[in-house]
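A quick write-up on the structure given underneath.
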């Protein structure tokens, strides 16, 4: 199987590339920004010369929200998807797996029911708007060229190789190791779902061989509060933690997801629980620093 991974040097793409390359029946080709910068005009011409028909394209390329959430980031992400679409319209792949984001449901929106793939899109961020517009464009084009499209909407991803150091599992673990102060907004009681990177990798590998087409929330259906993350870390590691509370800058919003479709498509895939994921991440950091 010929597999092209766009954005293969990033956190997600790198892990997928490493895992899929272990299977000798796969011909895995990584495409980085250095090879093809999809933010540049006419870069689709270069991409057309690299990809091949009847292959699988895993689209991880994009400008992350951590780098800013403004009109410039929006325009770069739209340039990326526009060039990608121009390329696949000529060199037609067999399947596309596109990484979108669960943030398109609205990070500050109150959802009174569990979020499903049918929940209305209410995002307010430039990043989320760009992701959703990318989904719509890909859906239209893949319908025209009759290519199988899988759109993945993961929540916050953490684990070995994550250098975002953001608010959540990754940031808390690194601050604990470096003996830095951990800030909880309010009492940290808002619920979010988190997914460990190895789960993403195993799911993508499974989706290579599925006939499923459409949108899939990559969720276990289990949410945790930020305060619970702190407590799990305290229970697992014998390291003192400096935790302080700050007044919220936004209203408290909880996010809970339904995993019904995920279980159906992935045949009751077993997700890594938070405690195990934090241990794996901590151990990976210790190995690197020793």
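Rounded to the nearest 500 deg cm²/dmol, what is the calculated helix-only ellipticity per residue at 222 nm for the chain, with -39500 (n - 2.57) per DSSP H run of length n ≥ 4? Let's see the in-between values first.
Values: 9 runs with 112 residues, N = 290.
It comes out at -12000 deg cm²/dmol, rounded to the nearest 500.
What is the mean projected area of the alpha carbon convex hull for segment 39-91, to one decimal in square nanometres?
Details: hull surface 15.1 nm².
Orientation-averaged projected area of the Cα hull: 3.8 nm².
Using just the Cα positions, wrap the chain in a convex hull and report its mean projected area in square nanometres, one decimal place. Mind dumping the intermediate values first?
On the way: hull surface 61.5 nm².
It is 15.4 nm².
Would you kindly give the portion of the calculated P(r) for segment 83-132 that falls above 15 Å, as a percent of all Cα pairs? Can you show the working numbers first?
Numbers: 681 of 1225 pairs.
Summing the P(r) of segment 83-132 above 15 Å gives 56 percent of all pairs.
Where is the GNM fluctuation largest for the chain (alpha-carbon springs, 10 angstrom cutoff): 164, 101, 125?
Maximum fluctuation in the GNM of the chain, among the listed residues, is at 164.
Where the centroid of each part is defined by its Cα atoms, how far is segment 1-30 from segment 50-91 in Å?
Cα centres, segment 1-30 to segment 50-91: 17 Å.
Mind checking Rg over Rh on segment 56-203, alpha carbons, Kirkwood formula for Rh? Mind dumping the intermediate values first?
Details: Rg = 17.0 Å, Rh = 17.0 Å.
Expressed as Rg/Rh, it is 1.00.
Quickly work out the residue 90-to-residue 275 label distance, labels modelled 7 Å from Cα along the C-beta direction, and quote it in nm with one decimal.
In this crude spin-label approximation the distance works out to 5.5 nm.
Between residue 139 and residue 209, what length comes free when the chain is fully extended (0.36 nm per residue of separation minus the Cα-Cα distance, one decimal in nm)?
On the way: separation 70, 0.36 × 70 = 25.20 nm, distance 1.98 nm.
Gain on extension, residue 139 to residue 209, equals 23.2 nm.
If r is the Cβ-Cβ distance from residue 241 to residue 42 and R0 is 51 Å, what FRET efficiency results, to the nearest 0.05?
Result of the calculation: an efficiency of 0.50.
Pick from 207, 274, 47 the residue whose mean-square fluctuation is largest in a GNM of the chain, springs joining Cα atoms under 10 Å.
Fluctuation is largest for 207.
For the chain, take the longest principal axis of its alpha carbons; what is the angle in degrees between that and the long axis of helix 274-289, to the nearest 10 within 0 to 90?
80 degrees
Translational diffusion coefficient of segment 181-278 at 25 °C, 0.890 mPa s, Stokes-Einstein with Kirkwood Rh over Cα pairs, in µm²/s as a whole number.
Value of D from the Cα-based Kirkwood radius: 159 µm²/s.
Where a number appears in this text, it was derived from the coordinates with a stated rule and is not lab data. Quick caveat: nothing in here was measured; it's all calculated off a predicted structure. Note that each Cβ is placed from the backbone with ideal geometry, even for glycine, and that neighbours are counted across all protein chains shown.
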